[in-house]
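The values are calculated or read from the model by the stated rules, or taken from the named source; none is laboratory data. Bear in mind that the values here come from a model prediction, so they are computed numbers and not experimental data. Here the Cβ is made from the backbone with ideal geometry for all residues, glycine too, and neighbour counts use every protein chain on show. The area values use the complete protein model at the heavy-atom level, side chains included, leaving out ligands, DNA and RNA. Shrake-Rupley method; radii C 1.70, N 1.55, O 1.52, S 1.80 Å.
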Amino acid sequence: MKVVIQRVNRASVTVDNEIVGSIGRGFLVLFGAVPTDTDGDCAKLAEKISKLRIFEDENGKTNLSIRDVGGDILSVSQFTLLADCSHGNRPSFIGAAKPDDANRLYKKFNEELRMRGIKVETGVFGAHMIVDLENDGPFTIVL
């Protein structure tokens, strides 16, 4: 499993000219699954993200979690995170989970985040999406 977390002031995702998910302050999380990922991996990752302290406290130190600041998550599935570009110039996606498995894991991951008290908005699995965001920092982490 691979995720890219971007701390944002706002983010939204549009499908077919309609906004399907939108948040204010929080995280834009891009999610990609591999064939060996499990439900347990989703739970561990959601726990890590819910406790990740990358928001500034009153002293300007990154000591606060998304729950501490009342932030939301916009979760977007993105199999291209698993691209292998080691041979030639055309990426291979053979390392990504099959669509049915990836979608199940994506839903499980979002459910795990919600179980930790975080509001989660989502994109549409498998759709062509336009993601708009205002990255705060920028502050971007890959897990």
In degrees, nearest 10, range 0 to 90: what is the angle between the Cα axis of helix 39-51 and the longest Cα principal axis of the chain?
30
Could you tell me how many degrees, from 0 to 90 and to the nearest 10, lie between the Cα long axis of helix 99-115 and the main elongation axis, the longest principal axis, of the Cα atoms of the chain?
10
Could you sort Cys85, Cys42 by their accessible area in this structure, using a 1.4 Å probe and putting the largest first?
Cys85, Cys42
Accessible area of Glu56, 1.4 Å probe, to the nearest 10 Å²?
100
Under the 7 Å Cα-to-Cβ spin-label approximation, Asn59 and Lys98 lie apart by a distance in nanometres of 5.3
Please report the relative contact order for segment 6-85, taking Cα pairs under 8 Å with a sequence separation of at least 6, and give it as a percent rounded to a whole number.
34
Over the chain, with the other protein chains present, what is the accessible area per residue in square angstrom, probe 1.4 angstrom?
55
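For the chain, what is the charge dipole size about the Cα centre, in debye to the nearest 20, if Lys and Arg each add +1 at the Cβ and Asp and Glu each add -1 at the Cβ?
The dipole magnitude comes to about 280 debye.
Rounded, prolate or oblate for segment 1-70? Axes are the square roots of the Cα gyration tensor eigenvalues, ordered a ≥ b ≥ c, and the cut-off for rounded is a/c under 1.5. Don't jump to the answer; show the numbers that get you there.
On the way: a/c = 2.71, a/b = 1.14, b/c = 2.39.
Oblate, because a/c is 1.5 or more while a/b does not exceed b/c.
Could you give the length gained on full extension between Asn9 and Lys44, defined as 0.36 nm per residue of separation minus the Cα-Cα distance, in nm?
Details: separation 35, 0.36 × 35 = 12.60 nm, distance 2.54 nm.
My answer for the length gained is 10.1 nm.
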Share of carbon and sulfur in the accessible heavy-atom surface of the chain [1.4 Å probe, %]
49
Using only alpha-carbon positions, what ratio does the radius of gyration of the chain give when scaled by 2.2 N^0.38 Å?
1.04
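Can you pick out the pairs among Lys61/Lys107; Lys48/Lys108; Lys98/Lys119; Lys48/Lys98; Lys51/Lys98; Lys2/Lys61 whose Cα atoms lie more than 22 Å from each other?
Lys61/Lys107; Lys98/Lys119; Lys48/Lys98; Lys51/Lys98; Lys2/Lys61, as the Cα separations exceed 22 Å there.
Note down the relative contact order for the chain as a percent, whole number, built from C-alpha pairs under 8 angstrom at least six residues apart. Don't skip to the answer; put the middle values down first.
Details: 308 pairs, mean separation 54.6, N = 143.
Over the chain, the number comes to 38 percent.
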